[in-house]
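**Student:** Submitted below is the structure of interest, expressed as structure tokens.
Just so you know, all these numbers are worked out from the coordinates, no wet-lab data involved. Not measured: the values here are computed from a predicted model. Cβ sites come from the backbone with ideal geometry, for glycine too, and all protein chains shown count toward neighbours.
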Amino acid sequence: MRSEAPRGHPHPAPDPIYLDYNATTPVDPRVIRASLPYLGEYFGNPSSSHAYGSAPRDAIAAARSSAAAVLQCTPREIVFTGGGSDGDTLAIRGAALARRHRGRHIITQQTEHPAVLAVYESLRRLHGFRITELPVDRHGLVAPAALAAELAEDTVLVSIMHANNETGTIQPIAELTAVAHEHGALMHTDASQSLGKIPCSVRGLGVDLATVTGHKIHAPKGVGALFVREGLVLEPAVYGGGQEGGLRGGTENVASIVALGEACRLLTDPELVDNGRLARLRDLLQSRLTRHLGDRVRLNGHPTLRLPNTLNISIEGTSGSELLASTPSVAASTGSACHEGDVTPSVVLSAMGVPKEQALAALRLTLGRWTTTDEVEQAAEALAKSVSRADCT
């Protein structure tokens, strides 16, 4: 069982300790090597019938198979997109508009990703859809019974993210899907944060649509994939050519698609399978912070049903944004937003009932492929020293 990070760290040692993997991941060097030929030698249009089109076309097919393998679906159920927000838009807008003859009620949750909430709002504004946002409990979970209570005859779609990007809380997607299907509604999940961290079999989850994005799994930004259950009709996102089953017209971004395919392939590489390493490091980070700061450290999110790499904590008596600003050796994030100097707490934590002061103190510390034990120890010590300095001022 591997206990340390894989070789080939893409960053030199003097860089800040990177604990923001939920924001984006460094591109794996193997992914870069796989994609480079399609920026040069294999430049042809995949739609071309001559020899220059064959290599790009074959590369796209191979990438589609790799994405299908990690999601446990068929290659023809994979649609390549421009990333997570693009995939969410195609899934939600496409499904809702294709089924609007059946009804105009759509359901999501209060702690959903802004990409989903924005598409929902556009459907309300432009097409007259009615939106229900389900509440969550103090851990951020949606209850299947709460979904069942809101489903109606005109409900056409439910969208609930697989794992929350701030807290890591994992939703009971299979149960929620079963409830949605009982009432004839489609189920979409944004699995961008969960792919590569926990099992993401679309067959196991039972969903009709699932979004993933490349830059969360060590591929470049600007590429993703959408699982579309075979036989499901969607309104296209981009009109024009027949690329991607007619759902997303335009000449394919071959190099990025190849990169995504390689990133998906690496998720099945025995040398890179996590085997609990990230969860151990996450728990070590929490225990070290608690050893330094005692009961001032408070966990936000579910204690067990969360991503193995995600630690969202609040340190009592601090401001998360100020603490990170005073700890330049650690690169992490908060869920708070700052508008013209006015800091507002995370919408996710507020929906969970986290008090304002605790929410404003939140830190999201997320680990990944190249996080080491030494980095976790150093980060905990650096954050604790910053808290101590703040206490003395």
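**Student:** From the backbone phi of segment 233-249, what are the Karplus-calculated ³J(HN,Hα) couplings (6.51 cos²θ - 1.76 cosθ + 1.60, θ = phi - 60°) in whole Hz, Gly and Pro given as x?
**Tutor:** These are the phi-based 3J(HN,Hα) values: 9, 10, 6, x, 8, 10, 8, x, x, x, 4, 6, x, x, 8, 8, x Hz.
**Student:** Express in nm, to one decimal, how much length is gained between Cys392 and Asp58 on full extension, taking 0.36 nm for each residue of separation and deducting their alpha carbon distance.
**Tutor:** Values: separation 334, 0.36 × 334 = 120.24 nm, distance 6.25 nm.
So the extension gain works out to 114.0 nm.
**Student:** Hey, another quick one. Simple spin-label model, 7 Å along Cα-to-Cβ: Thr290 to Ala325 in nm?
**Tutor:** Modelled inter-label distance: 3.1 nm.
**Student:** Let me ask something additional. Which length gain, in nm to one decimal place, applies between Tyr239 and Ala178 when the Cα-Cα distance is subtracted from 0.36 nm times their residue separation? Before the final figure, lay out each step's value.
**Tutor:** On the way: separation 61, 0.36 × 61 = 21.96 nm, distance 3.27 nm.
Between Tyr239 and Ala178, full extension yields an extra 18.7 nm.
**Student:** Ratio of Rg to Rh for segment 274-392, alpha carbon only, Kirkwood?
**Tutor:** So for segment 274-392, dividing Rg by the Kirkwood Rh gives 0.95.
**Student:** Neighbour counts of other C-beta atoms within 10 Å: give me His188, His162, His302 arranged from fewest to most.
**Tutor:** Details: His188 30, His162 23, His302 20.
Ordered from fewest to most neighbouring Cβ atoms within 10 Å, His188, His162, His302 come out as His302, His162, His188.
**Student:** Could you give each residue of segment 308-324 its phi-based ³J(HN,Hα) in whole Hz, using Karplus coefficients 6.51, -1.76, 1.60 with θ = phi - 60°, and x for Gly or Pro?
**Tutor:** Residue by residue, segment 308-324 yields x, 9, 10, 10, 10, 10, 10, 9, 3, x, 10, 10, x, 5, 5, 5, 5 Hz.
**Student:** Over segment 195-318, what is the relative contact order in whole percent, taking alpha-carbon pairs under 8 Å and six or more residues apart? Don't skip to the end; give the middle numbers.
**Tutor:** Values: 127 pairs, mean separation 22.7, N = 124.
Relative contact order for segment 195-318 comes out at 18 percent.
**Student:** Let me ask another. Could you please rank Ile32, Ile313, Ile78, placing first whichever residue has the fewest other Cβ atoms within 10 Å of its Cβ? The partial results should precede the final answer.
**Tutor:** Details: Ile32 16, Ile313 23, Ile78 26.
Placing the least packed residue first, the sequence is Ile32, Ile313, Ile78.
**Student:** Using a simple charge model, +1 on the beta-carbon of Lys and Arg, -1 on the beta-carbon of Asp and Glu, nothing else, what dipole does the chain show about its Cα centre, in debye to the nearest 20?
**Tutor:** On the way: 36 positive and 41 negative charges, 75 e Å.
The calculation lands at about 360 debye.
**Student:** Volume per residue, Å³, of the convex hull around the alpha-carbon atoms of the chain? It would help to have the intermediate numbers written out before the result.
**Tutor:** Numbers: hull volume 57.7 nm³, N = 393.
Dividing the Cα hull volume of the chain by its residues yields 147 Å³.
**Student:** Give the residues of segment 52-71 whose amide nitrogen is closer than 13 Å to a point set 7 Å from the Cα of Arg203 in the direction of its Cβ.
**Tutor:** 68-71
**Student:** Quick one: order Asp88, Asp295, Asp28 by neighbouring beta-carbon count within 10 Å, fewest to most.
**Tutor:** Values: Asp88 30, Asp295 7, Asp28 22.
Going from sparsest to densest Cβ surroundings: Asp295, Asp28, Asp88.
**Student:** Could you grab the relative contact order for the chain? Cα pairs under 8 Å, six or more apart, rounded to a whole percent.
**Tutor:** 23
**Student:** Continuing with this model, one more query. Report, in whole Å, the centroid distance computed from the Cα atoms of segment 24-61 and segment 201-229.
**Tutor:** Cα centres, segment 24-61 to segment 201-229: 20 Å.
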